[in-house]
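The values are calculated or read from the model by the stated rules, or taken from the named source; none is laboratory data. Note that this is a predicted model, so its numbers are computed, not measured. Glycine also receives a Cβ, built like all others from the backbone with ideal geometry; neighbour counts cover every protein chain displayed. The accessibility values were calculated without ligands, DNA or RNA, using every heavy atom of the protein model including side chains. Shrake-Rupley method; radii C 1.70, N 1.55, O 1.52, S 1.80 Å.
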Amino acid sequence: MAEERLARLKQEQAAKEQRRAAGKEEEGAANAARADKHQRSELLRAAHIRRIRAKAGDETRKVEEVSFINTLNNEGKKADLQQRLEEGEARRAEALAAILAKQAGAAASIKEAAERRRAAEAERLAQLADKQRRKQEAQARMLALLGRLLELPLNLDCLLTSGPLLPSFAKATLHALDHCNSLEADEPSMTIGGEASSRLSMLLQVLVAVLEHTPDSIDLVKMQEELVGYMIAAGTLGRLASVFSLFDQPMKDAARPVPPHVLQCLRLLRGLTAVRCPSNELLVGKRWPTVNPNAAAIIMDLQATAMAGVLSLLTAVLLNAAPVVTPAEASCRALPPNFVEAANLVMAVLNNVCCLDLLAAQHMLSSTHNRLEFFHLIR
């Protein structure tokens, strides 16, 4: 039994030795394989590094070539940009020179145009002055002629039969009224002696003389009525109301006289509202004188213009003279020196209106607009 166990031990020991030897052989073979594999790896690695180095060199050369090409392109672009800048500067210089030349030409043209305008303006002013001088000379001749026309009643009859001459005077008077209405009441041309006032006063004097003249024939009376109708249709009462309204406001000098053209306007209103009757020779066989054919138109215009503003005119003069007292307490020295004449003309106008249409006159005086002013005047 012991020998068998020993034999088995020896066999097992021999098997172990065999396995150990086989393991060593296998390990050596593995080591040899690993060494060979490592060597091949090193060779492959070296070859890979060589390829990388070669590729890197190629890439470097490519980068250098691309950089060189880019450098050339940039230089070309810089050269082109510099050329374009120089060409742009040259074009700007040419454009600036052209603009300066154009401005110089424009300045010369402007200067020439200004000279032409100054010459034209000087010529226009000279023509205007010459026209004004001729107009003044014509007006002076006409005023002198008007003065001679007013000297004899026969001349007034000639005016009534002159056809277009008298309407021309009426148109001139209306234009003069419009001119005076465009001025303020305290302007120098509206005061006594003013050119506009004097011219208007003379024109009004002619028309008043014609309207208040007593003709010797029924035909001349009809011509008078035609003149009245023409002036009423032309809006004379509205223009007179505008003249009177210029004084319906506070005045710087309440005691200064009522301007002559205002008195003449009152006389013209008196003449327009007068009841014209034939002379005594024409009344034979007639019980009543003829009625004014323009009465209805006159009454309508007076209603539309608040009695042409004559009540407002007197009230304004009284209030300017005594703004804090009643008219009865006012001092005469505070009133214009020709106030009585103006008041008499206003009363004559009111009397004429009553003769034209008493009921209409009473209605107008009792209207809301005129009632307080009329009450103020009769106090």
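In the assembled protein chains, Asp36 presents an accessible area of approximately 70 Å² (probe radius 1.4 Å). Cβ-Cβ distance of Ala296 and Phe375, R₀ of 22 Å, FRET efficiency by 1/(1 + (r/R0)^6): the value works out to about 0.20. Taking 0.36 nm per residue of separation and subtracting the current Cα-Cα distance, fully stretching the chain between Glu27 and Met347 would add 99.2 nm.
A Förster radius of 30 Å combined with the Cβ-Cβ distance from Arg50 to Asn74 puts the calculated FRET efficiency at roughly 0.25. When we measure straight from the Cα of Lys102, which lysines land under 27 angstrom away, once same-chain ones fewer than 8 places off are left out? By straight Cα distance, Lys102 reaches Lys111. For Lys222, the lysines whose Cα comes closer than 19 Å to its Cα, not counting residues fewer than 8 places off in the same chain, are Lys286.
The label-point distance for Ala122 and Thr368, in a model that sets each label 7 Å from Cα toward Cβ, rounds to 6.3 nm. Surface exposure of the stretch 11-146, expressed per residue as accessible area with a 1.4 Å probe, stands at 86 Å².
Candidate cross-link partners of Lys16 among the lysines, defined by an alpha-carbon separation under 24 Å and a same-chain spacing of 8 or more, comprise Lys24.
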